[in-house]
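*Asks:* Just passing along the structure, written as structure tokens.
No value in this document is a laboratory result; all are computed from the given coordinates. Because the structure is predicted, anything quoted here is derived from the model rather than measured. FYI the Cβ positions are ideal-geometry reconstructions off the backbone, even for glycines, and counts take in every protein chain you see.
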Amino acid sequence: MSIQTLRFSVLSSMMAALMAIGAYFHIPIGPVPIVLTNLFVLLSGLLLGGRWGLISATLYLFVGAMGMPVFYGGKGGLAHLIGPTGGYLFGFLFSAGIVGFISNRLHSSLLGDIIAVMIGSLVIYAFGVPWLKMMTKISWDKAYMVGMIPFLPGDALKAGVSIILARAARPILYRQIKTHSSLGPSSSQSQR
């Protein structure tokens with residue numbers, strides 16, 4: 001395993017842990033709570049790219065499905081993946097991957113990051129709202145009113161914070177990656 005693969009594996013695990021921590025900061029306002037998890041989903045895509053952002057969200061869902069208390073309110077288990085908020089959880093997977101893909105394609109520019117997090121947030125809603133409607137058997141209007149509209153201002157704020165954090169962390173992250181990738185096999189051997 002290369003040092004870069006190991007580094008991104010560790011970073012993906014750290015982002016999955018942050019997603020879990022974000023779920024503990026929740027405000028129950030109905031069938032769908034306000035959580036900080038989506039901030040870290042967006043951030044994982046911005047910092048790690050599409051592939052590793054997707055891996056971090058997959059790890060988060062896998063650990064939660066196995067019963068670890070990583071979902072909102074310290075809950076876990078498969079029931080949450082098939083409950084009213086399951087669509088949002090699956091939306092996290094695709095959101096992290098799409099945010100990373102778009103951000104990388106647009107060269108991590110400010111405009112690219114803004115477009116990426118906007119689309120990533122909409123992807124979460126695209127999975128979450130229909131799933132909520134299906135699981136709770138409510139009308140589309142009601143599904144939008146309880147599963148999307150109240151979250152828009154907070155999600156816009158979280159998207160903005162994820163961009164600010166990513167733009168602050170990228171130079172450090174890229175400098176670390178560049179430093180270690182420029183070391184030859186003999187240099188990396190002597191540093192063990």
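*Asks:* Which one of M1, V63, V117 is farthest out on the positive end of the charge dipole of the chain, using unit charges on Cβ (Lys, Arg +1; Asp, Glu -1) and the Cα centre as origin?
*Replies:* Final value for the positive-end residue is M1.
*Asks:* If you don't mind, there's one more thing I want to ask. Counting helices only, and only those DSSP H runs with n ≥ 4, report the 222 nm mean residue ellipticity of the chain as the sum of -39,500 (n - 2.57) divided by its residues, in deg cm²/dmol to the nearest 500.
*Replies:* One gets -26000 deg cm²/dmol as the mean residue ellipticity at 222 nm.
*Asks:* Any idea what angle helix 86-105 forms with the longest principal axis of the chain, computed on alpha-carbon atoms, 0 to 90 degrees, nearest 10?
*Replies:* Roughly 40 degrees, rounded to the nearest 10.
*Asks:* Going by alpha carbons, how many degrees (0 to 90, nearest 10) lie between the helix axis of 3-24 and the longest principal axis of the chain?
*Replies:* Helix 3-24 and the main axis of the chain meet at about 30 degrees.
*Asks:* Could you list I27, I102, I82 so that the one with the fewest beta carbons within 10 Å of its beta carbon is first and the one with the most is last?
*Replies:* In order of increasing Cβ crowding within 10 Å: I27, I82, I102.
*Asks:* How much length, in nm to one decimal, is gained on full extension between A156 and I177, taken as 0.36 nm per residue of separation minus their Cα-Cα distance?
*Replies:* Computed gain between A156 and I177 is 4.5 nm.
*Asks:* How large is ³J(HN,Hα), in whole Hz, for each residue of the stretch 115-123 in order, when computed from phi with the Karplus curve 6.51 cos²θ - 1.76 cosθ + 1.60 and θ = phi - 60°, using x for Gly and Pro?
*Replies:* Result, rounded to whole Hz: 4, 4, 6, 5, 5, x, 5, 5, 4.
*Asks:* When the chain is fully extended, how far beyond the present Cα-Cα distance does I29 get from A169, taking 0.36 nm per residue of separation?
*Replies:* Additional length available on full extension: 47.2 nm.
*Asks:* Could I ask something else about it? Under the definition of Cα pairs under 8 Å and six or more residues apart, what whole-number percent is the relative contact order of the chain?
*Replies:* 22 percent
*Asks:* Separate question: Under the rule a/c < 1.5 gives rounded, and otherwise a/b versus b/c splits prolate from oblate, where does the stretch 35-140 land using the Cα gyration tensor?
*Replies:* Numbers: a/c = 2.71, a/b = 1.51, b/c = 1.80.
Verdict is oblate for the stretch 35-140.
*Asks:* List every residue whose amide H lies under 5 Å from the amide H of G77, counting only residues 5 or more places away in sequence or on a different chain, with H placed 1.01 Å from N in the peptide plane.
*Replies:* Hits under the 5 Å cutoff: A65, M66, G67, M68.
*Asks:* Assign one of three labels to the stretch 29-86, namely rounded, prolate or oblate, based on the Cα gyration tensor with a ≥ b ≥ c the square roots of its eigenvalues; rounded applies when a/c is under 1.5, prolate when it is not and a/b is larger than b/c, and oblate otherwise. Provide the component values of the computation, followed by the final result.
*Replies:* Details: a/c = 2.39, a/b = 1.48, b/c = 1.61.
It comes out oblate by the Cα gyration axes.
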